[in-house]
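The values are calculated or read from the model by the stated rules, or taken from the named source; none is laboratory data. Just so it is clear, the structure is predicted and the values come from calculations on it, not from any experiment. Reconstructed Cβ throughout: ideal geometry from the backbone, glycine too, with neighbour counts over all protein chains shown.
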Amino acid sequence: MHLAGEEFILYAFAIKNIDNSILKKEKAMRDKPVILGLETEYGISVYNASETDTLFAPYDVVKAVNDLNIPLIDRGLESIDTIEEHEKMEAEARQRLFEYKYENRVAILRKASRALRQRLGCSGYMLETGARYYVDMQHPEYSTPETEDPRTIVLVQKAGDFIVEECRKRAEHRMRVRTGNRDLAIHIHRNNSDGKGNSYAGHENYSLSPNLFDEIMYSSDHFEASNTFRGSSVIQSITNTVLKFLVTRSIIIGSGKVGFEEYEPASYQISQRADFMMQPIAASTVYYRGIINTRNDPLARYRLIRRFHTICGDSNMSELSIYLKCGITALFFKMLEQGYIQNSSGNLMTGLRNSVSAMHAVSRDLTLRQKLPLADTTFTTALQTQEEYCELAKSYVEKNQLAPVWTDVAEKWEAVLNGLNGDRLSDPWASSLDWVAKERFLKQYQKQHHIDNPVDINCQAIALAYHNTNPDRSIYERLLNNGRIKRIVSSKEINSMIHEPPVDTRAYLRGKLIQQYASHITDIGWDYVVFTNNTVLQMNHPRKGTKDQIEPLLADHPSFEIFLERISHLFTTEPLEMSHNRWIDNIGDID
Amino acid sequence: MSEQTQIQPKRTDESVQESVQTPEQVVVAHGEETIFDDEIFIDDLIEEARDVAKNFKQKGGQ
């Protein structure tokens with residue numbers, strides 16, 4: 001098509017308007033806080049039980065949520081059980097997600113097979129807290145609702161752990177009655193490795209702007225200078241600084257592990273997941289895992305928001321570890337979004353020479369001072385790198401006058417690093433991190449019982465029991481109750497989140513819909529709701545549907561029809577049939 | 001929603017909160033070795049924990 005004269009001017013004007021609109025929304029996105037979410041696959045074991053009972057235990061535990069008598073939506077308990085099946089579905093999901101750029105997500109999901117729907121997040125139960133609870137690869141899995149607040153992420157994670165434990169108790173009781181075996185016991189552990197080469201998830205999610213996400217994933221200069229010197233554009237890149245941050249933050253977010261499963265021998269490691277990270281960047285989450293995972297499923301409007309799916313971190317018991325894991329990573333991404341790291345002095349943008357080797361080395365280096373080669377032939381240490389990021393974050397928070405919680409994150413980040421720099425076992429902040437708390441207790445136990453072998457079965461038992469979700473069997477809980485581990489939130493606050501969604505994202509609307517209008521819901525996911533009247537609510541703006549927006553609309557206890565009409569100004573509602581047929585990448589408001 | 005809350009709340013004893021507020025000087029640095037001046041006993045759970053650890057094997061996940 002050739003345009004000339006007035007036509008061309010009108011065309012150029014229209015394009016400019018669209019571009020400006022996208023840029024404006026992208027900038028708005030960059031200025032907003034990062035949205036956070038956690039996913040946990042729990043380790044599950046059944047003792048004194050048949051093979052069949054063991055096989056069905058994850059389902060029994062998840063289904064037991066029905067016994068809690070809480071509002072929920074049952075979406076079917078399809079599960080992908082094997083790694084092979086998961087890989088196949090992952091490949092299909094990637095293909096579908098390419099279409100998702102152009103097509104409506106609900107339409108994609110409606111056409112997907114049951115197994116693919118499971119992989120795309122559409123099975124199990126959606127709870128009144130806005131969380132998802134399901135079975136994945138033979139593990140009970142709990143995904144927190146979304147929030148922008150690092151304190152709230154601690155609360156919703158702990159509330160989820162509590163729900164899982166309540167389900168475990170009920171499933172164990174049922175199984176004992178069914179089998180007549182009073183010695184049968186179900187154990188659930190919130191950890192990431194069985195010590196025998198098998199790992200399972202503690203995933204994190206961070207919202208990013210599409211530009212930053214694409215720059216991390218698809219930048220042409222993301223390859224590390226691991227084998228050859230490739231020039232300054234390679235040495236300093238967004239991707240490399242992300243890798244460096246993720247590798248070195250292990251000294252804060254590690255859960256601690258007795259022994260090793262791959263690579264160099266170790267008697268105690270900082271990270272449980274490090275041995276399972278085999279590439280800098282990769283798509284797979286089950287075989288050759290990457291420090292950066294390339295999954296590109298935003299669960300929101302594709303052109304305005306992306307979800308950075310992080311798989312290299314540990315599941316944490318410590319409130320401080322959870323708080324800092326999400327808090328410092330969110331601050332890091334925020335600084336990247338706004339060019340703060342890129343424009344800083346020093347070598348924060350300089351990548352590691354080999355991030356995978358560094359990941360394994362950092363996990364094994366209990367001195368925290370092992371030199372890590374950088375791409376520019378200089379060296380750093382994990383501690384030094386984290387101190388540099390922390391210093392920058394402190395000035396970023398102050399300069400941008402962020403909410404007090406971010407000042408608190410930066411201060412606790414600094415306190416922990418100071419503690420790690422000294423005698424960490426005696427520092428109240430550093431010793432409240434999972435890997436240090438566990439290390440300290442192990443040392444104490446070894447000393448008391450004159451155990452010389454650090455991988456003694458007693459040490460392994462302690463390391464595992466630290467993660468037990470049953471407070472009576474959990475060493476973490478025992479340390480917490482004896483005041484050996486500092487708290488970030490109170491038990492009262494955790495209790496309040498067992499039945500309530502976070503207030504600052506669409507999770508609030510999701511939770512309230514489940515609490516008050518469950519009988520009108522056919523299906524509900526992270527970013528959509530299908531109602532019994534064949535209407536679809538597209539909840540593709542994660543920051544819409546907050547308590548401030550929704551609570552006034554519910555004040556007079558409206559009927560479902562009236563409430564649906566009221567929220568239609570926040571989200572698109574459309575007939576299910578139209579949702580199936582729509583092929584459009586529309587650009588809506590972000591706020 | 002009160003009738004829905006059949007599950008009991010988690011720890012609510014204020015003693016836990018109080019203990020958190022107490023300054024922790026439970027260990028002291030002594031030369032190169034950290035000496036623990038308090039002990040947390042786990043004799044009641046170590047035997048079971050050992051059995052669990054010996055047989056702990058999981059399916060690979062994500």
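From the list A:LEU509, A:LEU479, pick out the single residue that is touching a Gly at 6+ places or on another chain (Cβ under 8 Å), on the phi < 0 side of the Ramachandran plot and either touching a residue at least 60 places away in the same chain (Cβ under 8 Å) or not aromatic (Phe, Trp, Tyr) (or both).
Numbers: A:LEU479 fails: touching a Gly at 6+ places or on another chain (Cβ under 8 Å).
Going through A:LEU509, A:LEU479 in turn, the sole match is A:LEU509.
Applying the selection to region A:534-550, what residues are in contact with a strand residue (DSSP E or B) (Cβ under 8 Å, 6 or more places away or on another chain) and either among the basic types (Lys, Arg) or surrounded by fewer than 22 Cβ atoms within 10 Å (Cβ to Cβ) (or both)? Walk me through it before giving the result.
Taking region A:534-550 as the starting set, the residues that turn out to be in contact with a strand residue (DSSP E or B) (Cβ under 8 Å, 6 or more places away or on another chain) are A:534-540, A:542.
Residues satisfying the conditions are A:ASN534, A:THR535, A:GLN538.
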_If I go through region A:551-564 residue by residue, how many of them are out of contact with any strand residue (DSSP E or B) (no Cβ under 9 Å at 6 or more places or on another chain) and in a helix (DSSP H, G or I)?_
7
*Is at least one residue of region A:405-416 within 7 Å of chain B (Cβ to nearest Cβ), surrounded by fewer than 23 Cβ atoms within 10 Å (Cβ to Cβ) and out of contact with any Pro (no Cβ under 8 Å at 6 or more places or on another chain)?*
no
*Test A:THR367 against the criterion of being within 14 Å of A:ILE270 (Cβ to Cβ), surrounded by fewer than 21 Cβ atoms within 10 Å (Cβ to Cβ), β-branched (Val, Ile, Thr) and free of Cβ contacts under 8 Å to residues at least 24 places away in the same chain, and give yes or no.*
yes
*Tell me, please, whether a residue that is touching a helix residue (DSSP H, G or I) at 6+ places or on another chain (Cβ under 8 Å), in a helix (DSSP H, G or I), buried (at least 22 other Cβ atoms within 10 Å of the Cβ) and at the interface with chain B (Cβ under 10 Å from one of its Cβ atoms) can be found in region A:426-438.*
yes
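Report whether or not A:GLU146 is acidic (Asp, Glu), outside the structural domain of A:TRP413 (by TED's automatic domain parsing) and buried (at least 24 other Cβ atoms within 10 Å of the Cβ).
Criteria met by A:GLU146.
Determine whether A:TYR323 is closer than 30 Å to A:ARG506 by Cα, in a loop (DSSP other than H, G, I, E, B) and assigned by TED's automatic domain parsing to the domain that holds A:VAL397. Walk me through it before giving the result.
Values: closer than 30 Å to A:ARG506 by Cα: yes; in a loop (DSSP other than H, G, I, E, B): no; assigned by TED's automatic domain parsing to the domain that holds A:VAL397: yes.
Against the criterion (closer than 30 Å to A:ARG506 by Cα, in a loop (DSSP other than H, G, I, E, B) and assigned by TED's automatic domain parsing to the domain that holds A:VAL397), A:TYR323 does not qualify.
Just give me the residues in region A:446-472 being over 17 Å from A:GLY195 (Cα atoms) and surrounded by 22 or more Cβ atoms within 10 Å (Cβ to Cβ), in sequence order.
Filtering region A:446-472 for residues over 17 Å from A:GLY195 (Cα atoms) gives A:446-452, A:469-472.
Within region A:446-472, just A:THR469 meets the criteria.
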*When the residues of region A:241-286 are filtered to those that are out of contact with any helix residue (DSSP H, G or I) (no Cβ under 8 Å at 6 or more places or on another chain) and among the polar types (S, T, N, Q), which remaining residue is farthest from A:ILE83 (Cα to Cα)?*
A:SER267
*Any idea how many residues of region A:134-161 are in contact with a helix residue (DSSP H, G or I) (Cβ under 6 Å, 6 or more places away or on another chain), within 14 Å of another protein chain (Cβ to nearest Cβ) and within 19 Å of A:PRO502 (Cβ to Cβ)?*
6
*asked:* Quick check on my filter: what residues within region A:24-54 are without any contact (Cβ under 8 Å) to a residue 40 or more places away in the chain and closer than 30 Å to B:GLN58 by Cβ?
replied: A:GLU51, A:THR52, A:THR54
*A:ALA201 passes all but one of (1) buried (at least 19 other Cβ atoms within 10 Å of the Cβ); (2) at pLDDT 95 or above; (3) farther than 21 Å from A:ASN354 by Cβ; which number fails?*
(2)
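Mind checking which residues of region B:18-62 are outside any strand (DSSP E or B), under 21 Å from the mean Cα position of the chain (by Cα) and modelled with pLDDT under 55? Show your work before the answer.
The first filter runs over region B:18-62 and keeps only residues outside any strand (DSSP E or B), leaving B:18-26, B:31-32, B:37-62.
With under 21 Å from the mean Cα position of the chain (by Cα) added as a condition, the list becomes B:18-26, B:37-54, B:56.
Selection gives B:GLU18, B:SER19, B:VAL20, B:GLN21, B:THR22, B:PRO23, B:GLU24, B:GLN25, B:VAL26, B:ASP37.
Restricting to region A:146-202, name every residue that is basic (Lys, Arg) and assigned to a helix (DSSP H, G or I). First the steps, then the outcome.
Filtering region A:146-202 down to residues basic (Lys, Arg) leaves A:151, A:158, A:168-170, A:174, A:176, A:178, A:182, A:190, A:196.
A:ARG151, A:LYS158, A:ARG168, A:LYS169, A:ARG170, A:ARG174, A:ARG176, A:ARG178 - these are the residues of region A:146-202 that are basic (Lys, Arg) and assigned to a helix (DSSP H, G or I).
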_Which numbered condition in (1) among the aliphatic types (A, V, I, L, M); (2) within 14 Å of another protein chain (Cβ to nearest Cβ); (3) surrounded by 16 or more Cβ atoms within 10 Å (Cβ to Cβ) is the only one that A:LEU55 fails?_
(3)
*Is there any pair linking a residue in region A:71-84 that is within 30 Å of A:TYR288 (Cβ to Cβ) and away from every other protein chain (no Cβ under 14 Å) to one that is of a type in the set (Gly, Ala, Ser) and part of a loop (DSSP other than H, G, I, E, B), with Cβ under 8 Å and at least six apart or on different chains, and which?*
A:LEU77/A:SER123; A:LEU77/A:GLY124; A:GLU78/A:SER123
_region A:40-52, subset in contact with a strand residue (DSSP E or B) (Cβ under 9 Å, 6 or more places away or on another chain) and more than 8 Å from every other protein chain (Cβ to nearest Cβ), residue nearest to A:TYR528 (Cα to Cα)_ = A:THR40
*Could you tell me which residue of region A:302-317 is farthest from A:ILE108 (Cα to Cα), considering only residues that are charged (D, E, K, R) and either surrounded by 22 or more Cβ atoms within 10 Å (Cβ to Cβ) or assigned by TED's automatic domain parsing to the domain that holds A:VAL529 (or both)?*
A:ASP314
*Only residues that are basic (Lys, Arg), in a loop (DSSP other than H, G, I, E, B) and more than 15 Å from the chain's Cα centre (by Cα): list them for region A:281-318, please.*
A:ARG301, A:ARG303
*Within region A:87-111, considering residues that are of a type outside the set (Asp, Glu) and in contact with a Lys or Arg (Cβ under 7 Å, 6 or more places away or on another chain), the one modelled with the highest pLDDT*: A:MET89
_Pairs needed: first member in region A:387-406, assigned to a helix (DSSP H, G or I); second member anywhere, modelled with pLDDT under 95; C-beta distance under 7 Å; at least 6 residues apart or different chains._
A:GLU388/A:GLY346; A:GLU388/A:LEU348; A:TYR389/A:LEU348; A:LEU392/A:SER344; A:LEU392/A:LEU348
